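Contents: one structure, followed by commentary.
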Amino acid sequence: CHIIEIDAEGGIAALKALPGAIRAASATILTSTLIEQKEQCSVLEPVMSVEVSVPSDIVGTVLSDMTTRRGVIGEVIMGDEDTHGKALIHGQVPLAEILGYANTLRSITGGEGTFSAEYKGHSACD
């Protein structure tokens, strides 16, 4: 981690007067640092741990959809009479890919699928 100290003439008042200039300078510094340190830097994205409950007869379709969203499938538990024929899918999916997933899941399952997601951590972007 690098810390870059910036000294501005005029103090805080000067920084508040030129927000566009500060934004441009920050973007330039960040870009040049990332280019110079390319091998040592990586961009991270938030990953969610998901649990999806779907009818057993369409598990393949849901698994395919989750895979196209860069999901990593952890475990698939096929349902029986106790679970009313529902399968439970555990996995991890990047947050950017899971936004709005409830509508897609409803479409795929005819309104019978549900899912929950919770923050798992961060991983490097592909």
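The values are calculated or read from the model by the stated rules, or taken from the named source; none is laboratory data. The structure presented is a predicted model; accordingly, all values stated were derived computationally and were not measured. Glycine gets a Cβ as well: all are built from the backbone with ideal geometry, and neighbour counts include every protein chain shown. Just the protein is used for accessible areas: all its heavy atoms, side chains included, with ligands, DNA and RNA removed. Shrake-Rupley method; radii C 1.70, N 1.55, O 1.52, S 1.80 Å.
Some values worked out for this structure:
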| quantity | calculated |
| --- | --- |
| Unique residue being on the phi > 0 side of the Ramachandran plot, open to solvent by less than 50 Å² (accessible area, probe 1.4 Å) and free of Cβ contacts under 8 Å to residues at least 40 places away in the same chain when the list is G85, G71, G79 | G85 |
| The range 88-126, subset in contact with a strand residue (DSSP E or B) (Cβ under 6 Å, 6 or more places away or on another chain) and among the β-branched types (V, I, T), residue most open to solvent (accessible area, probe 1.4 Å) | T114 |
| Tally of residues being touching a strand residue (DSSP E or B) at 6+ places or on another chain (Cβ under 6 Å) and exposed (fewer than 10 other Cβ atoms within 10 Å of the Cβ) across the range 43-65 | 0 |
| Residue, farthest from the chain's Cα centre (by Cα), within the range 102-125, restricted to residues that are within 13 Å of P55 (Cβ to Cβ) and charged (D, E, K, R) | E112 |
| Test set (1) out of contact with any helix residue (DSSP H, G or I) (no Cβ under 7 Å at 6 or more places or on another chain); (2) within 25 Å of H122 (Cβ to Cβ) - D65 fails condition number | (1) |
| Single unsatisfied condition, G79 versus (1) touching a helix residue (DSSP H, G or I) at 6+ places or on another chain (Cβ under 8 Å); (2) modelled with pLDDT of 90 or more | (2) |
| Within the range 7-40, considering residues that are more than 29 Å from the chain's Cα centre (by Cα) and in a loop (DSSP other than H, G, I, E, B), the one modelled with the highest pLDDT | L18 |
